[in-house]
1. Let me make sure I get this right: for the range 234-297, a, b and c are the square roots of the gyration tensor eigenvalues over alpha carbons, sorted descending. Under 1.5 in a/c it's rounded, otherwise prolate if a/b > b/c, else oblate. Which is it?
2. So how much slack lies between Ala19 and Gln391, counting 0.36 nm per residue of separation and subtracting their Cα-Cα distance, in nm?
3. Rounded, prolate or oblate: pick one for the range 44-89, where a ≥ b ≥ c are the square roots of the eigenvalues of its C-alpha gyration tensor, a/c under 1.5 means rounded, and failing that, prolate if a/b is larger than b/c, else oblate.
4. Restricting attention to the range 150-218, which chymotrypsin sites (Phe, Trp or Tyr not before Pro) occupy a DSSP loop and are surrounded by at most 13 other Cβ atoms within 10 Å?
5. Rounded to the nearest percent, how much of the accessible area of the range 194-329 (1.4 Å probe, protein heavy atoms only) is carbon and sulfur?
6. May I ask you to rank His400, His42, His366 by accessible area, largest first, using a 1.4 Å probe over the protein chains only?
7. Between the alpha-carbon centers of the range 94-120 and the range 320-387, tell me the distance in whole angstrom.
8. Tell me, what is a quarter of the convex hull surface for the C-alpha atoms of the range 89-188, in nm² with one decimal?
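The values are calculated or read from the model by the stated rules, or taken from the named source; none is laboratory data. The structure presented is a predicted model; accordingly, all values stated were derived computationally and were not measured. Please note: Cβ atoms are built from the backbone with ideal geometry, for glycine as well, and neighbour counts cover all protein chains shown. When the accessible area is computed, the model is the full protein with side chains, heavy atoms only, and any ligands, DNA or RNA have been set aside. Shrake-Rupley method; radii C 1.70, N 1.55, O 1.52, S 1.80 Å.
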Amino acid sequence: MTNNAMASLFEQLRAIVGAEHVRTDLGALEVYSRDATPLFQHPPSAVCFPSGTTEVQSIVNLAGETGTPVVVRGAGTNLSAATVPQLGGIVLAMSRMNRLLEIDTANLVAVAQPGLPTAELADAVAANGLLYPPDPGSRTTSTIGGNVGTCAGGLRGLKYGVTRDYLLGCEAVLGTGEVIRCGGKVVKDVAGFDLLRLVCGSEGTLAIITELTLRLVPAPAAYAVGLAYFESLAEAGASVSHVLADGILPATLEFLDSTCVRTVEGYAGAGLRTDAGALLIFGQDGDVRTVQIDLERMARICRSDGAIEVRLAACDLDTHNILEARRAVLPSLARLAPLTILEDATVPRSRIAEMVDRITEIAERHQLVIGTFGHAGDGNLHPTCVVDPQQPGALEEVDHAFEEIFAAALALGGTVTGEHGVGLAKQKFLAKQLGEPQMALLRRIKAAFDPGAILNPGKLGS
Ligand SMILES: Cc1cc2nc3c(=O)[nH]c(=O)nc-3n(C[C@H](O)[C@H](O)[C@H](O)COP(=O)(O)OP(=O)(O)OC[C@H]3O[C@@H](n4cnc5c(N)ncnc54)[C@H](O)[C@@H]3O)c2cc1C
């Protein structure tokens, strides 16, 4: 784009959203050149902060006329470089579109703008005795628009599912500039293709969501967790299978390998023992009696599977502290070295132990520190590599190791991403998982929503 064309684009953006809501200064371009994913960066030409659907539509129309890429962004906490504007263009930051529009207790739904932080939604519905179950570890910062963009999961996925299971309706601007409304407050709706499912997890490549209708559930009366330490992750993995085979559907079933337990204990001082091979955190919610019965059943199963020690949280504060320790795994690992690379290879849960063995072997062969934790009930592992990028050859070694880790996940019938998305970071693995016919279908679907290929171009195979 020539300088004149660029100046004219900026002028028109200012006319749409107001001069104070367009940033083209180097500071802003630097901030919006990255997200939470290390090693990926590219500056946009401008950052715009729209206040509503009409402004989003006008920006998309302008982008279409000028062939300018538009990368929509929530809080930028994604871990796949999904919001890095690798082809430049306009970053559409949704932070001004952050209102909770309605909590409808009769229909058990919330209606909100996409820039609303996940935790603000969860707290507001909790005050009405309701629960919004998707619970990503980033919830205090991430937005619900971003959660839909990546179909975020979290600690409650096994029992409650993920973001797509709570998306009932949305208003969205297509790449053509058309505004569509899909779904709404009805629980059942089979009119036409399920576009909500397509948009959820589409990483800003199909449409820009401007309003969301989200399903809520009654809040459970009680919630508590327990801890089981095992000699090895294989034993912990066997217990996961036995718990589920026993007919229990836990609200929480998380595991940490020995590296993660030691690191998080050094960081958070949560009173975890550090001499075990693996830690399983199991939890249940519901009425008080069900919680107590299920926790005791799970504790019994872990003991009979050879757990070294099993204990139930003594009180709500204890439960809170155990969960906080689980949430602190990533920041604690990040203290070990200047660079932390977190991935989310996912396998059928019966194959977790095999996958962890593969990760351990790969880490040792490449002489890397990789701690693994994750959502045991979902088979969703987070192998996390901590490394000093200044060490000659270190980053190449990490690259090779993760290529082998993703290949292992696929060989075990899994996926290269369970919840973080593809973005730029996993672009090269997507075709390996989906195969060419599916890649071609993705491109045709993209062309139907966004024929000018202006929405987050270069992502999801486009
Ligand atoms: C410490 C930490 C813990 C995390 N824990 C979890 C976890 O437990 N589970 C999990 O799933 N993820 C987790 N994540 C990853 C991340 O928080 C999620 O991917 C989250 O959904 C991103 O939300 P965001 O608002 O930051 O979106 P962004 O990062 O800004 O955007 C994510 C994607 O959504 C698209 N998008 C944003 N807004 C819109 C919109 N209005 N319309 C259409 N597309 C849009 C973007 O283009 C991008 O492709 C974690 C991240 C961190 C840093």
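1. It comes out oblate by the Cα gyration axes.
2. Gain on stretching Ala19 to Gln391: 129.4 nm.
3. Since a/c reaches 1.5 but b/c is at least a/b, the shape of the range 44-89 is classed as oblate.
4. For chymotrypsin sites (Phe, Trp or Tyr not before Pro) across the range 150-218 that sit outside H, G, I, E and B with at most 13 neighbouring Cβ atoms in 10 Å, the list reads Phe193.
5. Looking at the range 194-329 in its full context, I get 51 percent from C and S.
6. I get His400, His42, His366, largest accessible area first.
7. With the range 94-120 and the range 320-387 each reduced to a Cα centre, they are spaced 32 Å.
8. Averaging across all directions leaves 7.3 nm² for the Cα convex hull.
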